[in-house]
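J.: The structure follows.
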Amino acid sequence: MPPLIVLADANVLVKDVVSFAFLDLARAGAIDLRWTPQIEVEYAKHRARLRAGANQRESTADDLVWAQKRLATIKKHLVPGFQLPGWDDDGDRLELLRSNKALAPLLRLPDPDDVHVALAAADWAQATGRDVVLATDNLKDLPAKVLAPFGVVPLHPGDVLQLVYQMDPEGTASSLQKTAADFKNPAFSLLDMLASIKSPQQFDNQELAAELAVRWELAVPGAAQGTTKARTKQRSR
């Protein structure tokens, strides 16, 4: 079975547990995870703000550089094939898509800032001839009824994880165990992973957390217990 094609929105990439779970699934061949240079820009800005906020100050250029270097390391070592077919950093592909009359409905999304994400997903779907799953927290501004005609299926990251799990329960469970084990200082247990899967601020999938708890022979922790902890984890590779 070919891997699930997944375009990651910036609001998914900035969440450590969510993004690294997806990155490990990509390395395992369960999903084909990609994004665009424009999504990278949004990621870096958001990451810079989060870093500054954690230190109770305004973000600076140093925070932005830190975020860009962090993503560069991820791209080099975890997903070297992250770029969409025909895309590069010059923005020409995006401008070409904006001028494509067949994609005009995507230019009228509720939030103009989301247009580039929808266009990228539609372009990838057309290039591969397969549906593209758009992993995003922003389902309101990326409505399924608008995206479906272009072969794009917007899903919350928890639903994406559920779909991958249904395709390969054992492989997905093993990949999530690896993701948890790779977090260091502080350690990140399988109970923490279950809390992240259940947490509204992370995967927000109580059903999947319950299934994995049975598989791992663990009790499901409360969402509140793991939410803050999951957001502050630092990844060690």
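Read-outs throughout are calculated quantities, based only on the coordinates presented, and are distinct from any laboratory measurement. This is a predicted model, so every value here is computed, not measured. Quick reminder, even Gly has a Cβ in these numbers, built from the backbone with ideal geometry, and neighbours come from all protein chains shown.
J.: May I ask you to derive the FRET efficiency for LYS101 and LYS75 from their Cβ-Cβ distance with R0 = 41 Å, giving the value to the nearest 0.05?
T.: 0.80
J.: Here's something else I'd like to know. Give me the extension gain from SER189 to GLN206: residue separation times 0.36 nm, minus the current Cα-Cα distance, reported in nm with one decimal.
T.: Taking 0.36 nm per residue and subtracting the Cα distance, the gain is 4.4 nm.
J.: Suppose R0 equals 41 Å. What FRET efficiency, 1/(1 + (r/R0)^6) with r the Cβ-Cβ distance, do GLU217 and VAL65 give to the nearest 0.05?
T.: So the FRET efficiency works out to roughly 0.40.
J.: Might you report the magnitude of the Cβ-based charge dipole of region 1-122 about its Cα centre, with Lys and Arg at +1 and Asp and Glu at -1, to the nearest 20 debye?
T.: Computed charge dipole of region 1-122: roughly 240 debye.
J.: If I compute Cα extents along the principal axes in Å from the structure I just sent, which labelled value in (i) 53, 43, 31; (ii) 57, 34, 33; (iii) 67, 37, 34 lines up?
T.: Calculated Cα extents along the principal axes in Å: the matching label is (i).
J.: Right, here's the next one. In debye, nearest 20: dipole of the chain around its Cα centre with unit charges on the Cβ of K, R (+) and D, E (-)?
T.: For the chain, the charge dipole is close to 560 debye.
J.: Right, here's the next one. Helix 37-54 versus the longest principal axis of the chain: what is the Cα-based angle in degrees, 0 to 90, to the nearest 10?
T.: 40 degrees
J.: Any idea how far the Cα center of region 55-79 sits from the one of region 159-176, in Å?
T.: Taking the Cα centre of region 159-176 as reference, the centre of region 55-79 is 29 Å away.
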